[in-house]
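Remarks on the structure that follows.
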Amino acid sequence: MLLEGKVALITGSASGIGRATAKLFAAQGAKIVVADINKPGGENTVSDIIDGGGEALFVETDLAKMEDVKSMVDTAMTSFGRLDVIHSNAAAYDMGTATEITEDQWDRTISTCLKATWMIAHHAVPLMLTSGGGTFVITGSDHAIRGYPGYAAYQAAKGGLLAMTRSLAADCAPTIRVNIILPGAVETEIWGETTQEERDRIAEMCILKRNGRPEDIANVALFLASDMSSYMTGAHIVVDGGLTSVVQLPETE
Amino acid sequence: MREFDSKVVIVTGGAYGIGKSTALEFARNGANVVIADINEKVGNATVSEINELGSRGLLVLADVSNSADCNNVVATAVETFGRVDILFNNVGIQSPDSYFNVEDAPEELWDRTINVNLKSYFLMSKYSIPEIRKQGGGVIINTASVQGLQSMKGVPAYAASKGGILSLTRQMAIDYASENIRVLAICPGTIDTQMVRAQAAREPGEPDDTIEKWGMTHPLGRTGDAREVANVVLFLASEKASFMTGEYVNVDGGMMALGAWASGSGASADGSIRN
Ligand SMILES: NC(=O)c1ccc[n+]([C@@H]2O[C@H](COP(=O)([O-])OP(=O)(O)OC[C@H]3O[C@@H](n4cnc5c(N)ncnc54)[C@H](O)[C@@H]3O)[C@@H](O)[C@H]2O)c1
Ligand SMILES: NC(=O)c1ccc[n+]([C@@H]2O[C@H](COP(=O)([O-])OP(=O)(O)OC[C@H]3O[C@@H](n4cnc5c(N)ncnc54)[C@H](O)[C@@H]3O)[C@@H](O)[C@H]2O)c1
């Protein structure tokens with residue numbers, strides 16, 4: 001098992017990618033701290049892990065709040081005594097162009113998508129350094145490297161995460177490795193009411209001709225969290241079925 | 001059941017270095033491995049190590065810049081093991097006496113570098129894809145380099161070959177996605193292999209000190225071990241990476257994360273910035 005004896009904190013693990021990562025890390029031997037604002041969802045993830053023979057704990061957290069983030073990290077430490085792996089993954093965002101979104105919407109998106117990762121690092125890195133280091137995995141997005149209309153704040157947040165990954169990596173080396181995953185289109189709860197037609201249209205743009213599954217991202221998170229990636233830090237991995245490796249041109253035939 | 005049981009992997013430049021380490025890692029995980037290399041003695045030694053792991057290894061002597069040799073590698077692989085599932089295009093040369101700007105670089109140096117480092121990836125893919133297709137799909141992994149992304153003085157042919165590999169990777173990913181053939185690249189930083197040892201030997205002072213100094217330019221404060229690259233290749237070749245194609249992954253101890261003006265290994269263990 002790749003994470004035997006490790007303690008992993010995963011934010012946004014009440015649903016989607018975070019939930020898949022929590023279950024996979026648990027199956028690989030880690031004790032899991034499930035942090036989310038969604039209580040029923042988080043408790044669900046915990047009971048799934050415990051039913052599978054693993055160990056997990058839910059900490060209700062609003063990642064937009066400094067005091068919540070601090071108490072989340074403290075709870076992880078008091079409950080399990082150490083912290084080896086962090087997967088900063090939660091996100092919630094408001095859509096809109098720069099002219100459309102309000103200041104509150106901007107602040108809310110930047111807080112949960114960008115500032116939360118800084119706050120986690122701020123509180124957790126010193127503790128991880130004293131307990132011998134570990135790995136920090138961030139969920140970014142292909143929005144960090146490609147432009148999509150109508151996502152002004154989210155784009156800024158995800159681009160910020162990519163740049164922060166590099167500086168965190170430099171500042172924490174060699175004790176903590178910091179890497180970021182850039183998912184493309186992954187069908188999770190965050191897609192909300194997206195119609196089947198729209199889902200199919202997006203799948204068609206991926207060169208693998210399908211949208212991603214949460215497990216596709218969880219597998220890469222496990223790789224980055226484990227010693228398999230021991231010479232990687234400050235790196236990004238695009239996991240998008242080839243969505244961003246092609247320019248979408250009209251069919252020539 | 002191991003991840004690569006019953007699979008057949010071709011590794012170019014598998015006698016030494018990253019290729020050797022990856023060949024052994026595939027063997028340890030159940031695959032039979034064909035090594036295409038120019039070096040008979042060392043290639044055979046690697047094959048013996050593969051056989052000791054309980055898998056079957058085979059050396060096919062080849063200069064992979066040569067089309068007939070590449071064709072023969074694939075044909076011999078199929079003759080011996082009946083199939084090809086994974087191609088690891090890894091061969092690469094950057095000899096210690098190859099450092100010139102474009103004006104001074106001899107044309108033969110350009111041709112040799114491009115032919116071994118880039119054309120061989122085209123040729124090996126060309127001959128392997130029909131066999132991979134027969135298995136209903138597979139994976140091609142290409143060894144590019146951080147020098148395909150950012151460069152240094154005096155390596156025009158090498159840098160062009162590595163940048164070319166990244167473009168070729170995207171291209172083949174697009175052309176073969178519908179046939180379930182994933183194509184990915186890795187960009188290693190400085191990995192302590194034969195190649196890097198030879199380059200260190202041309203610097204003044206002890207090679208070990210030079211390699212340690214080079215290691216310090218990576219945020220992790222050291223050069224990488226070939227096995228750390230092999231682990232990434234196995235991951236990309238496995239089902240765990242089933243939603244990845246057309247991309248590259250840096251395996252560089254953080255080097256590409258650093259700005260040009262930043263000092264190498266970023267921080268000391270207490271988190272304070274080291275200068
Ligand atoms: N699904 C995709 O297509 C896709 C693509 C690229 C990137 N991503 C990224 O992947 C990550 C996970 O997204 P997902 O698709 O699994 O979405 P999701 O909605 O299924 O999961 C996000 C989780 O974050 C939690 N969360 C939101 N705001 C929070 C807050 N303030 N405090 C605590 N928890 C909060 C939610 O409750 C939810 O459980 C996000 O960072 C997202 O930006 C997703
Ligand atoms: N070591 C590094 O720091 C580093 C960094 C970035 C990229 N790379 C790349 O990794 C790959 C492997 O490099 P390495 O460091 O393991 O090198 P290496 O010199 O240790 O191994 C290269 C292998 O290729 C074989 N070879 C050379 N020319 C050949 C030819 N014409 N036909 C067949 N075989 C031939 C050699 O015999 C040897 O076994 C190369 O593509 C290299 O450019 C290496």
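The values are calculated or read from the model by the stated rules, or taken from the named source; none is laboratory data. Source: prediction; values computed, not measured. Don't worry about glycine lacking a Cβ; one is built from the backbone with ideal geometry, like all the others, and counts go over all protein chains shown. Note: accessible area is taken over every heavy atom of the protein model, side chains too, but ligands, DNA and RNA are not part of it. Shrake-Rupley method; radii C 1.70, N 1.55, O 1.52, S 1.80 Å.
Just one of the numbered conditions (1) over 28 Å from A:ASN211 (Cβ atoms); (2) under 15 Å from the mean Cα position of the chain (by Cα) is not true of A:ILE32: (1). A search for C-beta distances below 6 Å between a residue of the range A:135-158 that is farther than 19 Å from A:ILE86 by Cβ and within 14 Å of chain B (Cβ to nearest Cβ) and any residue that is more than 8 Å from ligand 1 (Cβ to nearest atom) and among the acidic types (Asp, Glu), counting only pairs 6+ apart in sequence or on different chains, returns A:ASP142/A:ASP240. Entry remark, the range B:165-196: residues being modelled with pLDDT under 95 and either touching an Asp or Glu at 6+ places or on another chain (Cβ under 7 Å) or more than 14 Å from chain A (Cβ to nearest Cβ) (or both) number 2 in total.
Restricting the search to the range A:152-174, which residues are of a type outside the set (Gly, Ala, Ser) and out of contact with any Asp or Glu (no Cβ under 9 Å at 6 or more places or on another chain)? Result: A:GLN155, A:LEU161, A:LEU162, A:MET164, A:THR165, A:ARG166, A:LEU168, A:ASP171, A:CYS172, A:PRO174. Buried (at least 22 other Cβ atoms within 10 Å of the Cβ) and of a type in the set (Val, Ile, Thr): is that true of A:THR11 in this structure? Taking the combined requirement at face value, the residue satisfies it.
Exactly one residue out of B:ARG222, B:ARG227 is open to solvent by 10 Å² or more (accessible area, probe 1.4 Å), within 19 Å of the chain's Cα centre (by Cα) and modelled with pLDDT of 95 or more: that is B:ARG227. The test for being closer than 19 Å to B:VAL33 by Cα and either in contact with a Phe, Trp or Tyr (Cβ under 9 Å, 6 or more places away or on another chain) or crowded, with 16+ Cβ neighbours inside 10 Å (or both) holds for B:LEU87.
Would you call B:THR210 among the polar types (S, T, N, Q), more than 13 Å from chain A (Cβ to nearest Cβ) and away from ligand 1 (no atom under 16 Å from the Cβ)? Criteria met by B:THR210. Determine if the range A:41-50 includes at least one residue that is in contact with a Pro (Cβ under 6 Å, 6 or more places away or on another chain) and open to solvent by 10 Å² or more (accessible area, probe 1.4 Å). No: zero hits. Look at B:LEU118 and say whether it is open to solvent by less than 60 Å² (accessible area, probe 1.4 Å) and under 25 Å from B:ALA198 (Cβ atoms). The answer is yes for B:LEU118. When the range A:54-72 is limited to residues that are open to solvent by less than 90 Å² (accessible area, probe 1.4 Å) and within 16 Å of A:THR21 (Cα to Cα), the one that is farthest from ligand 2 (Cβ to nearest atom) turns out to be A:PHE58. Within the range A:123-152, the residues that satisfy the criterion of being within 17 Å of the chain's Cα centre (by Cα) and either within 16 Å of ligand 1 (Cβ to nearest atom) or at pLDDT below 95 (or both) are A:ALA124, A:PHE136, A:VAL137, A:ILE138, A:THR139, A:GLY140, A:SER141, A:ASP142, A:HIS143, A:ALA144, A:ILE145.
For the range A:185-210, which positions are within 14 Å of chain B (Cβ to nearest Cβ), part of a helix (DSSP H, G or I) and open to solvent by 40 Å² or more (accessible area, probe 1.4 Å)?
Quick first cut of the range A:185-210, residues within 14 Å of chain B (Cβ to nearest Cβ) only: A:185-188, A:202-210.
Then drop every residue that is not part of a helix (DSSP H, G or I), which leaves A:202-205.
Selection gives A:GLU204, A:MET205.
Can A:LEU222 be described as surrounded by 18 or more Cβ atoms within 10 Å (Cβ to Cβ) and either acidic (Asp, Glu) or within 9 Å of chain B (Cβ to nearest Cβ) (or both)? Criteria met by A:LEU222.
Give the residue, chosen from A:VAL73, A:VAL59, that is without any contact (Cβ under 8 Å) to a residue 40 or more places away in the chain and in contact with a helix residue (DSSP H, G or I) (Cβ under 9 Å, 6 or more places away or on another chain). Outline the logic, then answer.
Working: A:VAL73 fails: without any contact (Cβ under 8 Å) to a residue 40 or more places away in the chain.
Only one candidate qualifies: A:VAL59.
Annotation: B:GLY215 fulfils all but one of (1) under 29 Å from B:LEU87 (Cα atoms); (2) in contact (Cβ under 8 Å) with a residue 12 or more places away in the chain; the unmet one is (1).
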